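Down below is the structure, laid out as structure tokens.
The values are calculated or read from the model by the stated rules, or taken from the named source; none is laboratory data. These numbers were taken from a predicted model, which means no experiment stands behind them. Here the Cβ positions follow ideal geometry from the backbone for every residue, glycine too, while neighbour counts run over all protein chains shown. In case anyone asks, the SASA skips ligands and DNA or RNA and just uses the protein heavy atoms, side chains included. Shrake-Rupley method; radii C 1.70, N 1.55, O 1.52, S 1.80 Å.
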Amino acid sequence: MERPVTTLGRHRKAVSAAAAVLGGVLALGACGSSGDGGSGGDDAKNANSEARSKKSSEARIRIASRNGSEGASINTGGNVSVSKGKLTAVKMMAVEGGTSVAGTMSDDGKSWKPQQQLERATRYKITAQAKDSGGRKAVENSTFTTVSPDNSFIGTYAGEDGQTVGVGMPVSINFDKPITDKKAVQSAIKVSSTSGQQIVGHWFDGTRLDFRPQEYWKPGSRITLDLKLDGVKGAQNLTGVQNKTVTFNVGRSQVSTVDVDSHQMTVVRDGKKLKTIPISAGSDKNPTYNGKMVISEKHKETRMDGNTVGFGRKGEEGYDIKDVPHAMRLSTSGTFIHGNYWGAPFGSGNTSHGCVGLKDTRGADDNSTAGAWFFSNSMIGDVVEVKGSPDKTIQPDNGLNGWNMSWAEWKAGSAV
């Protein structure tokens, strides 16, 4: 069997011929002219002119979160803006599941942002398009992941936005993660009042920061809390994800003083005595705390279970009352001022487990009782001050009770 024969000379000639042809094309493309005065030069000029007329868009799109980034803000991470142009379309979606994210374009077409706060620990993709003044299109893409719950924190205000409160209501903020950079976090929180009072923050621990003035809020003032925590580093690998504004109004001034020795409570509103009410405070065995206590909750009826405060439900000290009327919380540990229908020596003895009791009826439906009157005439933030008890003064962090610290002690707890 014969083998095929390759002729080296012929192969070289073929390669050389191909190279010559290709070289001519390359030369023509590179020089832009055939050198013979023909039409090649005009074609090149026309091509260059067309290329110049199709220059890239001047519109510059900016997506707040860089492509491939992690730990993006759930408040601003999806924001899109453009300079030297206008946005024409923005599409945002969750990568897993493909759920679209609705957004709002500004009237001038310069910005776009999601309508709702983004989910934490979620991967998103954004495709944004824009045009410059010449109608030339620009496109930008970014895929990013928002901050995870484990690496982010928020602060929760103890009251309600728009609420009217008593003069003792502090601005109390609880964080869902321990804060170590207290200065950075406190610096990102602003509290102001139309009263012009100086307001100072105090850290009770790494998760609670309260603000108050030296004296009670002035009646009729308006308090504004600005939480600008988004992007603030609260600790190592811990970033704030919150931009929020809360306002509340301060109503009239009401401070009620409980005299444990005389078994009476005097209610003073706007500097004038409004009423004196017989009470029964804590027994000698279970005395009521002394000190200034702020009403933090109101319940027309509530259950009081001895198991929750260490007394149990049975025995001499035990109890489980499922319908305590007109109850208002004074401390985190379980001190209330409330109505009492099961009996106590109001005005003459102290027999409770530490609460302040007022005469009342079962069902909380008799408005003529002392318990009902005080409940209807009190609001969140009112102050109840207990004096003459054999017990110690309540701890400032046991409820909203920072008023039991001197102004010097209070300011010493500020991080700024």
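Being more than 21 Å from Thr332 (Cα to Cα) and crowded, with 17+ Cβ neighbours inside 10 Å is true for just one of Asp360, Asp382. Which residue is that? Result of the check over Asp360, Asp382: Asp360.
Pairs linking a residue in segment 392-411 that is farther than 12 Å from Thr335 by Cα and assigned to a helix (DSSP H, G or I) to a residue that is open to solvent by 20 Å² or more (accessible area, probe 1.4 Å) and among the basic types (Lys, Arg), with Cβ atoms under 6 Å and 6 or more positions apart or on different chains, are Trp403/Lys292; Asn404/Lys292. Do we find that Asp226 is surrounded by fewer than 18 Cβ atoms within 10 Å (Cβ to Cβ), within 15 Å of Phe248 (Cα to Cα) and in contact with a strand residue (DSSP E or B) (Cβ under 7 Å, 6 or more places away or on another chain) in this structure? Yes, satisfied. If I go through segment 70-118 residue by residue, how many of them are surrounded by fewer than 14 Cβ atoms within 10 Å (Cβ to Cβ) and within 19 Å of the chain's Cα centre (by Cα)? Number of matching residues: 2.
In segment 363-379, the residue that is farthest from His299 (Cα to Cα) out of those that are open to solvent by 20 Å² or more (accessible area, probe 1.4 Å) and assigned to a loop (DSSP other than H, G, I, E, B) is Ser368. If the condition is being in a loop (DSSP other than H, G, I, E, B), within 24 Å of Gln395 (Cα to Cα) and either hydrophobic (A, V, I, L, M, F, W, C) or open to solvent by 50 Å² or more (accessible area, probe 1.4 Å) (or both), then segment 314-351 contributes Leu330, Thr332, Ser333, Thr351. Applying the criterion of at least 1 residues that are of a type in the set (Val, Ile, Thr) to the strands (runs of 3 or more DSSP E) found wholly in segment 207-267 leaves 222-228, 238-240, 243-250, 254-259. Given the condition at positive phi, surrounded by 13 or more Cβ atoms within 10 Å (Cβ to Cβ) and at pLDDT 95 or above, answer yes or no: does some residue in segment 305-313 qualify? Within segment 305-313, none of the residues are at positive phi, surrounded by 13 or more Cβ atoms within 10 Å (Cβ to Cβ) and at pLDDT 95 or above.
Within segment 98-127, residues that are closer than 21 Å to Phe153 by Cβ reach partners that are among the polar types (S, T, N, Q) and outside any strand (DSSP E or B) with beta carbons closer than 7 Å, at six or more positions or on different chains, in the pairs Gln117/Asn75; Arg120/Ser148; Ala121/Ser148.
The residues of segment 81-120 that are β-branched (Val, Ile, Thr), within 17 Å of Lys131 (Cβ to Cβ) and out of contact with any Lys or Arg (no Cβ under 7 Å at 6 or more places or on another chain) amount to a single one, Val90. Taking strands (runs of 3 or more DSSP E) as the structural unit, those lying wholly within segment 92-193 and holding at least 2 residues that are among the hydroxyl-bearing types (Ser, Thr, Tyr) and out of contact with any His (no Cβ under 7 Å at 6 or more places or on another chain) correspond to 123-131, 137-145, 155-157, 189-193. Residues in segment 405-413: is at least one within 23 Å of Thr207 (Cβ to Cβ), modelled with pLDDT of 95 or more and basic (Lys, Arg)? Looking for residues that are within 23 Å of Thr207 (Cβ to Cβ), modelled with pLDDT of 95 or more and basic (Lys, Arg), one finds at least one in segment 405-413, hence yes.
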